[in-house]
Amino acid sequence: MKFALIFQNDTAAFLPELFLATSLLVVLLHGSFLGGSAASLYTYLTPSIVRLTSTILFLSLLLVLNNPVESQTLWNALFVTDHLAIWAKFVVFLGLLFCVSVSEAYMFSARFRAYEIFVFIIGIGLSLCLLISSYDLLSIYLSMEFLSLIFYVLASWKKNSYFSAEAGLKYFILGSVASLFFLFGASLIYFTMGTTNLGALALLTENLVTSSPFLYLGLIFVVSALLFKLGAAPYHMWIADVYEGAPTLISFIFAVVPKFSIFVVVSRLIFTSFWSFFPSLWEDFFCICGLLSLSIGCLCGLGETKIKRLLAFSSVGHVGFLCLGLASGSIEGLQAVFFYLLIYMLTAAFLWIYVLLLDLDTTSNRTLLTFADAIGLAKSNPLLGLIVVLMIFSLAGIPPLGGFFAKLNIFVSLVDASFYLIAVFTVLTSVISAFYYIRLIKIFYFEKNEKWFFFAPLSKGSATVLVLTALTVCFFICSPNLFYLLAYKIGLGLLV
């Protein structure tokens, strides 16, 4: 009885995760029992699974927002719940709802009949919730491995595609190396400090005057493993091939959903546990990663002709902006990072849904999407063509769209931190990367196609997500306070 009372708050705070774990089994059993009868009756199981998964994710989102425990460490300080965790989980569930909303039409077109993909989507939600709430290096590692195992399977989902098999194998091998880095770094930190708990590490390093080189080495290994999952340079080798080879729906999940969660973990490490290392270690480390990511993102994208690879290198460049925001070491820089992540997630969701729309064309025998597949969009659907152009402008940072204000906040935080040369470099790389965005727009409107072009009609789920994301980003200037206040609340929740 006493044991039950001790962990009563822990169980209440962990209700979303417990609900997701139970729901994962429910969906698995639902698909197992109905799969055989659906195959014998030649019926399609995906619509019912989509509705069930959407309901589960929506209920999980409500459980997160109505969490009765505001701020507390859980399960012997392995996990924590606070304002940062609550709002980060909200963003994750929003991204997963976007993915499920657009999945039905794509799965029907791509002839995916397996219901297990939705079991994996719920598993992604569960692993990301555990990762966001992790307050110990071991719980971070286990949550990250749970997520990685799902991603390895999803990347190689197309069994008859060499590209998908290559993507899964490459991601698995390099991801295993990243896991090795994390474990080695965590063991060095434990060897030096005697604990892996983030709260205990914060107390031990608060007034640390001198520290062991093993601790520096361990921190570099741990954060490098996390930056690998984000695709930051110089850990970006996998990202273009995996985005290109994986099914488009899976690439959409890779690009939109996990970034926010992993940046929450990185922020917890550097702003909570190892804040005292900021002048000596974090500034140089994140500046190097940010500058390399910006350079590779803008230069490697210039020669690309394939849409998914272009979006992959664009993602590397945007992660570079986020790393530079962390390098500033200020509350303003942290808030700018979370604000940038919110705007980038909405913009990336819109553009990846557009890529899904291009990939719905089953009449052609192509295996990879190129710029030529986008020719004729403006004539076929002028309104959608115009909105796609505006979202690409937002990604390039053209005012007065949301992407401009996101980059402006990062730029201001760099100037406040007296990183003047780096701020100038970010502006130059933004100008260079704008070239390949403008090249896309030129293809939409000015290239002529000798053949007939056909674009599949939008499903209701895709249209809903497109409208919500486009209105938010394009008309952001009309009411920016909501996003600014959310980013400030998330940033303050980490430091308070």
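The values are calculated or read from the model by the stated rules, or taken from the named source; none is laboratory data. Because the structure is predicted, anything quoted here is derived from the model rather than measured. Neighbour counts run over all protein chains shown; Cβ positions are idealised from the backbone, glycine included. Note: accessible area is taken over every heavy atom of the protein model, side chains too, but ligands, DNA and RNA are not part of it. Shrake-Rupley method; radii C 1.70, N 1.55, O 1.52, S 1.80 Å.
Things worth noting here:
- Only lysines eight or more places from residue 158 in sequence, or on another chain, were considered; those with a Cα closer than 20 Å are 170, 306, 308.
- The alpha-carbon positions of region 114-187 define a convex hull whose volume is 65 Å³ per residue.
- Note on region 386-494: Rg/Rh from C-alpha atoms, Kirkwood Rh, equals 1.07.
- Rolling a 1.4 Å probe over the protein heavy atoms of the chain, with every protein chain left in place, gives an accessible area that is 70 percent carbon and sulfur.
- Loop-resident GluC sites (Glu not before Pro) (DSSP state other than H, G, I, E or B) in region 67-171 with no more than 15 further Cβ atoms inside 10 Å of their Cβ: 70.
- The chain: DSSP helices with Cα axial extent of at least 27 Å and average Kyte-Doolittle hydropathy no lower than -1.0: 15-40, 46-65, 83-110, 162-193, 307-327, 331-359, 420-446
- Other residues with beta-carbon under 15 Å from the beta-carbon of residue 148 carry, at +1 per Lys or Arg and -1 per Asp or Glu, a net charge of +2.
- Three semi-axes of the equivalent ellipsoid, the chain, Cα gyration tensor, whole Å, largest first: 35, 29, 20
- Scanning the chain for trypsin sites (Lys or Arg not before Pro) in DSSP loops with at most 16 neighbouring Cβ atoms within 10 Å leaves 160-365 as the longest stretch between them.
- Overall, the chain carries a charge dipole of about 1080 debye about its Cα centre when +1 sits on the Cβ of Lys and Arg and -1 on the Cβ of Asp and Glu, all other atoms neutral.
- 5 angstrom amide H check on residue 370, placed H, neighbours 5+ away: 307
- Think of a 1.4 Å ball rolled over the protein heavy atoms: region 212-305 then has 24 Å² of accessible area per residue.
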